[in-house]
Amino acid sequence: MTSKRSQTDQTSQPSQGSRTRLQRATLAAGAALTVVVAGAGAAPGAGAAQENAAGKPKLKLIAATNSVTLDRYEWDGAAGVFLDLGTYVSVDDAPLEFKVTRKSYKDPVVAQQVLRDGTSTKTKALPAGLVKDFSGLPGFIDVSIKNAAGEEVSNTQGAFCPNNASGRIRPDAPATSKYPQSCPTNPFTLGSVWGVEKGWASNTSTIDYDKPVDLPVGEYTAKVGVAKQYRDLFGIPDDQHTIKVTVRSGDGGEGAGAAASRSSASSAHHGGGHGGGHDAPSAKNPAEAAAAAAHHYGPRGADAPTPPALSHALEDRGLARHLGDGPGHTDGSRIAPALKPAAKRPSGRAGVPADVPKPDLRSLPAWDIAITDGEDGDVAGKDYLAFSANVWNAGPAPLVVDGFRSPGKDLMDSYQYFYDADGKQVGYTPSGTMEWDPRVGHEHWHFTDFASYRLLSEDQTKEVRSGKEAFCLANTDAVDYTVKNANWHPDNTDLSTACGQQNSISVREVLDVGSGDTYTQYRPGQSFDITDLPNGTYYIQVIANPENRLQETNTKNNVALRKVVLAGDPGARTVTVPPHDLINAP
């Protein structure tokens, strides 16, 4: 049995793997409330703009405000602020859109700008090597900060994710955005779509939780502009915005608990694994944050759970426990209501038409690999090999599984459903069971036999450790949004919308096309016990649909391997993770 980071997982300073996941925090839920109001005055084109004949968007750097207040945090020898300065890239005349792909892990990332002119679509390749991953356009924003004496104390460049928090700058702009929320930073992402609608603006702030800007409490002046290479590439005016910055001390010594909570709720849910959600400690509750900060996760720090994630917009308004979109408010995170299963379990003869679209489950190689000491619930004093693993759906159809409970039982009978091109249900088949996991930190329904993990010998002929895992399916990672029928706005992106409650009579769990489900194998009973395993070379094997209980278009791509090298002495074991082709992500 396994679980993603549940909503009860709370911490302060992120571990190495957790920090990596936080870097995907692209402010997808951040200041979306601000730009529509404050940015409207700076909007280019007051009326309805005419479509550019070439489909080329008109871009401009704007500022939603001329002053911001930032909190300074201190924790574990680190200190600083995270720069959210309220600058946006506005888009007019045509949408700003990019398609970013790689053919395989042996090939570099290739980025193309998509130019839409009515029914005509053209593509323009960005310079080779400019975009190296899927997190955005690197070095897009130049930020210079001077102190009250006029001395420059910081000069940084930030990447721009077009899928950042965004909002309309004109009332006649599209009411909603068709583009995904956040830019994926899973190291094994294969394809992404970035975009900003015409008449919208997207936040340019980049927050890297590994690298806070060390600004003491005081007054500063920030100057923000677009880097010259992007001004030349996209025809952006050389506008420089000056913003007054007030740095104040974080409340009550909340430390990294509050700092971590300032990441985007949406980014954590889409980014991989599961962070906070409805029960994360509020930045307005120092007692909760202090308690989280006091928990010790072992000398190596690798077994710390994913930090909670709250949006800037709601945290600043004291609404950190009320996330998502709803009547009278929005934070841009789209925490969806729970998916509804069929009203009753299917009846009649089970069957799957031969030509019906089916999902295609594929495994990604393991990453976020580390040695842990078992302090968080395993046997103390032993050595464990922990890792993250992802199974994703390459389509062309979503994986839809319903569980139906017999009263009083801790098992549900599960069924996989199939739909035609019009979305009409045309078949179903039994697919095993769902089981209730009562352990603290789990406490939800798992679909059994979804994946298994094995540690293989160097020649890959001997299985030395294994784990059979049950999942609560959720769309945590945008693995490839360029595949056919990819859903750029999947539902059930967090545990609260996917896994049910103990008293649930039925549950629907879905893995949408283009999305994957990351499980971080750090919780008790999930990682490999390597205490008595000899040093040497091994392979972590991730297998999707190991019992073939799920109907797929292809079952020959369900296995992925990742090489690891174990060394060191008991109690001080080490792991080295060689690159996987061009992917150097241990």
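Considering region 72-95 alone, what residues qualify as being more than 30 Å from THR221 (Cα to Cα) and open to solvent by less than 30 Å² (accessible area, probe 1.4 Å)?
So in region 72-95, the residues more than 30 Å from THR221 (Cα to Cα) come out as 93-95.
Passing the criteria: ALA94, PRO95.
Take ARG562 and tell me if it is part of a strand (DSSP E or B), in contact (Cβ under 8 Å) with a residue 40 or more places away in the chain, open to solvent by less than 10 Å² (accessible area, probe 1.4 Å) and basic (Lys, Arg). Steps first, answer last, please.
On the way: part of a strand (DSSP E or B): yes; in contact (Cβ under 8 Å) with a residue 40 or more places away in the chain: yes; open to solvent by less than 10 Å² (accessible area, probe 1.4 Å): yes; basic (Lys, Arg): yes.
Yes.
Take ASP133 and tell me if it is open to solvent by less than 60 Å² (accessible area, probe 1.4 Å) and of a type in the set (D, E, K, R). So ASP133 does not fit the description; no. Go through region 565-583 and give me each residue that's assigned to a loop (DSSP other than H, G, I, E, B) and at pLDDT 95 or above. Selection gives VAL577, PRO578, PRO579, ASP581, LEU582. Among the strands (runs of 3 or more DSSP E) confined to region 127-202, the ones with at least 1 residues that are among the hydrophobic types (A, V, I, L, M, F, W, C) and over 23 Å from GLY55 (Cα atoms) are located at 137-147, 152-160. Within region 106-119, is even one residue among the hydroxyl-bearing types (Ser, Thr, Tyr), open to solvent by 50 Å² or more (accessible area, probe 1.4 Å), outside any strand (DSSP E or B) and farther than 24 Å from SER205 by Cβ? Looking through region 106-119, at least one residue is among the hydroxyl-bearing types (Ser, Thr, Tyr), open to solvent by 50 Å² or more (accessible area, probe 1.4 Å), outside any strand (DSSP E or B) and farther than 24 Å from SER205 by Cβ.
Checking each residue in region 77-105 for being more than 25 Å from the chain's Cα centre (by Cα) and not in a strand (DSSP E or B) picks out GLY77, ASP93, ALA94. Tallying residues that are at pLDDT 75 or above and part of a loop (DSSP other than H, G, I, E, B) within region 437-485 yields 18. Scanning region 210-235 for residues that are open to solvent by less than 10 Å² (accessible area, probe 1.4 Å) and assigned to a loop (DSSP other than H, G, I, E, B), we see that the one that is farthest from SER363 (Cα to Cα) is LEU215.
Taking the conditions exactly as written (of a type in the set (Phe, Trp, Tyr) and open to solvent by 40 Å² or more (accessible area, probe 1.4 Å)), does TRP445 satisfy them or not? So that I can check it myself, show each step before the final result.
Details: of a type in the set (Phe, Trp, Tyr): yes; open to solvent by 40 Å² or more (accessible area, probe 1.4 Å): no.
Spelling it out, it is not the case that TRP445 is of a type in the set (Phe, Trp, Tyr) and open to solvent by 40 Å² or more (accessible area, probe 1.4 Å).
Within the set of pairs 6 or more residues apart or between chains, which connect a residue that is more than 12 Å from GLY250 (Cα to Cα) inside region 68-87 to a residue that is open to solvent by 30 Å² or more (accessible area, probe 1.4 Å) and in a strand (DSSP E or B) with Cβ atoms less than 7 Å apart? Hits for this filter: THR87/HIS241. Restricting attention to region 525-544, the residues that are under 23 Å from the mean Cα position of the chain (by Cα), farther than 19 Å from VAL575 by Cβ and surrounded by fewer than 24 Cβ atoms within 10 Å (Cβ to Cβ) add up to 1.
The values are calculated or read from the model by the stated rules, or taken from the named source; none is laboratory data. All of these numbers come straight from a predicted model, not from anything done at the bench. Here Cβ is always computed from backbone atoms with ideal geometry, including for glycine, and neighbour counts include all displayed protein chains. Calculation scope for accessible area: heavy atoms of the full protein, side chains included, ligands and nucleic acids excluded. Shrake-Rupley method; radii C 1.70, N 1.55, O 1.52, S 1.80 Å.
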